[in-house]
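The values are calculated or read from the model by the stated rules, or taken from the named source; none is laboratory data. Predicted model only: the values in this text are computed from it and were never measured. Methodologically, a virtual Cβ is constructed for each residue, glycine included, from the backbone with ideal geometry; neighbour enumeration extends over all protein chains shown. Ligands, DNA and RNA are excluded from the accessible area calculation, which covers all protein heavy atoms including side chains. Shrake-Rupley method; radii C 1.70, N 1.55, O 1.52, S 1.80 Å.
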Amino acid sequence: MLGLFIGAAAVGYAGYACYSPRSQLYGRTYLGPGRGSRQIALTYDDGPNDPHTLHLVEVLAKHEVKATFFMIGRFVAEKPEIARAVARAGHVIGNHTFTHPNLIFCSPARVRSELEQCRKILDDTVGEHATLWRPPFGARLPHVLGVGRKLGLEPVMWTVSSNDWKIHTADGIERRVAERIRGGDVVLMHDGAHVRMGAGRAPTVEATDRLIRRLKDRGYEFVSVEEMMKQSGDREIGSSGQCCGSQITR
């Protein structure tokens, strides 16, 4: 009986670790420099999204904040002018696959295809971009992270989630993030939704405006994931497939 219990617990933990952003069971991922830092990296998934990505870029420009956008390749192909606007504004652009599948159910060949297709459309649309990537849903197994490493991509997870895909008010999003910030955090937000173009992200845009003002007043500094890595000495960042160094996790 004890053996069955231990076995079930092990299976449960293994399943949990596929999605837990902090788990390092299946391979190391970037989670920021940890407590003691006053830096915060805002990251946005599932864009570019019309019109909310552009509204978000306006908010970030108002506060002189650089963020990190993990873009879906098929949406870049659909709205290349929005992706280029993000790049022109000086934000970091990373790979979020071409179609946003759950990669734990994909073969290594499919994982490679998703990442390579997204990288190609980013190359063609915005040119040089970061070697950062984020698995859709945060889902990963050893073969998923292994393919990314072979392609020279650095996996980035998060330490604070806004839950803005299910919290539909700016007040709720702002409160959830502000209560969880401890410093050295990578914050997960969304400027789009993987299911369709045009998803409503106005609450996220408004919450971003409020959070930047609120957290700057508390003495925090906003940086891109690339800048956070460089300043904390975690690794050197290349671009368009070139990366080197080591990563720090917590």
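Conditions tested, residue by residue: (1) touching a residue at least 60 places away in the same chain (Cβ under 8 Å); (2) open to solvent by 10 Å² or more (accessible area, probe 1.4 Å); (3) of a type in the set (Val, Ile, Thr).
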{"residue": "Gly94", "(1), (2), (3)": "yes, no, no"}
{"residue": "Val111", "(1), (2), (3)": "no, no, yes"}
{"residue": "Val126", "(1), (2), (3)": "no, yes, yes"}
{"residue": "His129", "(1), (2), (3)": "yes, yes, no"}
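Evaluate the following for Val205: is it at pLDDT 95 or above and either among the basic types (Lys, Arg) or in a strand (DSSP E or B) (or both)? Against the criterion (at pLDDT 95 or above and either among the basic types (Lys, Arg) or in a strand (DSSP E or B) (or both)), Val205 does not qualify. Criterion first (closer than 24 Å to Ser161 by Cβ and open to solvent by less than 60 Å² (accessible area, probe 1.4 Å)) does Phe69 satisfy it? The answer is yes for Phe69. For the range 97-109, taking the residues that are open to solvent by less than 40 Å² (accessible area, probe 1.4 Å) and either touching a Cys at 6+ places or on another chain (Cβ under 9 Å) or among the small types (Gly, Ala, Ser) (or both), the one that is farthest from Ala87 (Cα to Cα) is identified as Ile104.
Within the range 93-100, does at least one residue satisfy the condition of being in a strand (DSSP E or B), in contact with a helix residue (DSSP H, G or I) (Cβ under 6 Å, 6 or more places away or on another chain) and not β-branched (Val, Ile, Thr)? Checked the range 93-100: at least one residue is in a strand (DSSP E or B), in contact with a helix residue (DSSP H, G or I) (Cβ under 6 Å, 6 or more places away or on another chain) and not β-branched (Val, Ile, Thr). Taking the listed residues Gly172, Gly184, the one that is out of contact with any Asp or Glu (no Cβ under 7 Å at 6 or more places or on another chain), modelled with pLDDT of 95 or more, of a type outside the set (Ser, Thr, Tyr) and closer than 14 Å to Thr204 by Cβ is Gly172, with no other qualifying.
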